[in-house]
Amino acid sequence: MEKKLDKIIDSISNEIKDLTSINDLNQLKGKYLGRKSVFNDLMKELKNVPKEEKPKFGLLINQAKQNIAKMLEDAKTNIEAKMIEAKLKSETIDVTLPGKTFNAGSKHLISQVIEEVEDIFLGLGYTVKEGPEVETDLYNFEMLNLPKDHPARDMQDSLYISEEKLMRTHTSPVQVRSLLENTKQEPMKIICPGKVYRKDDDDQTHSHQFTQIEALVVDKKTTLADLKGTLLFLARKLFGEEREIRLRPSYFPFTEPSVEVDVSCYKCNGKGCSMCKGTGWIEILGAGMVNNNVLEAAGFDSNTYQGFALGMGVERIAILKYGIDDIRAFYTNDLRFNKQF
Ligand code: DAH
């Protein structure tokens, strides 16, 4: 009997060594301590043992069982510790690995110039307005004093979507929308930045899509002198406090009189250089006093109200300020270009 017990202990000690999982351990537990364990046979044998020896063997069997239970318990603790260790190992973070770099975006140069111009005008008490890029012929042309057969429509090659709808060719229709919205006919000072579209073949200086900023002031006492003062202020903020401006007579159907605005060359200070083609002046935008027909079409009495308007190309301002030689650089998304600003 004692030998048999020793053998059992021996065999379980061997088997326990190879255990790697709690599952295997439970199986082993069943084999040695379960209902159909090896001890069952021993218990049967115990019946044949002489009466006075029974307590001794009973005790030995119990001790062996306790021994095994202890061994299994130790093995369990061991396996669990090993599992935790393995898990920790697989989850360790190597803090010395290089991190992921995120490319921070930055504002496109066009957005920057729009914001710069917005800031200048906001400082003068203007509000920013927006309008749709798909516009009606009525607002884009007709109500801006450009009836259907007007030759000046040819100044802007248009992208028509239908007979009555087109991609707006300029931001001036926002003037019309803002006038119509102003039903109380209160004094107004607005600017409208936005994309405009032309049926142009793209090249170094032309683009089928570009950006304009429109400004409109309407009040009962608005004069050309107010326009001039505003233009000078704008030119100096954009191109330097030493700048002067020059107004040349021009023509736009929606303004009368109309002017083309030049700024004194900021490269040569007006002396004449390659930048200003020797003239000392650089053209920056178009402007004028709002044509009576535009005011009347929107329901404003042109005997009571006057206004001025101006429209500038954002790309042109950026090209001049930053010496860019190809308008396509703004939309071809070459990061080497975009990141310079
Ligand atoms: N809408 C004109 C264009 O796209 C620009 C312009 C000129 C707007 C004079 C104005 C203005 O408001 O007064 O060519």
Pairs needed: first member in segment 146-164, within 17 Å of S250 (Cβ to Cβ); second member anywhere, of a type in the set (G, A, S); C-beta distance under 7 Å; at least 6 residues apart or different chains. L146/A152
Candidate set: segment 209-223, residues that are within 12 Å of the ligand (Cβ to nearest atom) and over 19 Å from E296 (Cα atoms); chosen: the one farthest from the chain's Cα centre (by Cα): E214
Residue under question is T304, and the condition is that it be at pLDDT below 95, of a type in the set (S, T, Y) and either at positive phi or surrounded by fewer than 20 Cβ atoms within 10 Å (Cβ to Cβ) (or both); does it hold? no
Please list, ordered by first then second residue, the pairs with beta carbon atoms under 8 Å, 6 or more apart or interchain, first in segment 272-298 and closer than 16 Å to M143 by Cα and outside any loop (DSSP other than H, G, I, E, B), second of a type in the set (F, W, Y) and at pLDDT 95 or above. M289/F308; V290/F254; V290/F308; V294/F254; L295/Y305
Enumeration of residues in segment 128-152 that are modelled with pLDDT under 95 and within 12 Å of the ligand (Cβ to nearest atom): A152
Checking the condition out of contact with any helix residue (DSSP H, G or I) (no Cβ under 9 Å at 6 or more places or on another chain), touching a residue at least 24 places away in the same chain (Cβ under 8 Å) and closer than 23 Å to I120 by Cβ, which residue from L238, L231, L216 passes? L231
So which of F121, F57 is farther than 21 Å from N26 by Cα, in contact (Cβ under 8 Å) with a residue 12 or more places away in the chain and outside the structural domain of T20 (by TED's automatic domain parsing)? F121
Report yes if K228 is within 16 Å of the ligand (Cβ to nearest atom) and among the basic types (K, R), otherwise no. yes
Return yes or no: is G299 of a type outside the set (D, E) and either more than 23 Å from L224 (Cβ to Cβ) or more than 14 Å from the ligand (Cβ to nearest atom) (or both)? yes
Pairing a residue in segment 312-325 that is free of Cβ contacts under 8 Å to residues at least 60 places away in the same chain with any residue that is of a type in the set (D, E, K, R), where Cβ atoms lie under 8 Å and the two sit 6 or more apart in sequence or on different chains, gives I319/D325
Only one residue in D94, D119, D74 is among the acidic types (D, E), out of contact with any strand residue (DSSP E or B) (no Cβ under 8 Å at 6 or more places or on another chain) and not in a helix (DSSP H, G or I). Which one? D94
Could you grab me the full set of residues in segment 53-77 that are surrounded by fewer than 13 Cβ atoms within 10 Å (Cβ to Cβ) and closer than 15 Å to L33 by Cα? N62, Q63, Q66, K70, E73
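The values are calculated or read from the model by the stated rules, or taken from the named source; none is laboratory data. All figures in this text were calculated on a predicted structure; none of them were measured in a lab. Note that we place each Cβ from the backbone using ideal geometry, even for glycine, and neighbour counts take in every protein chain shown.
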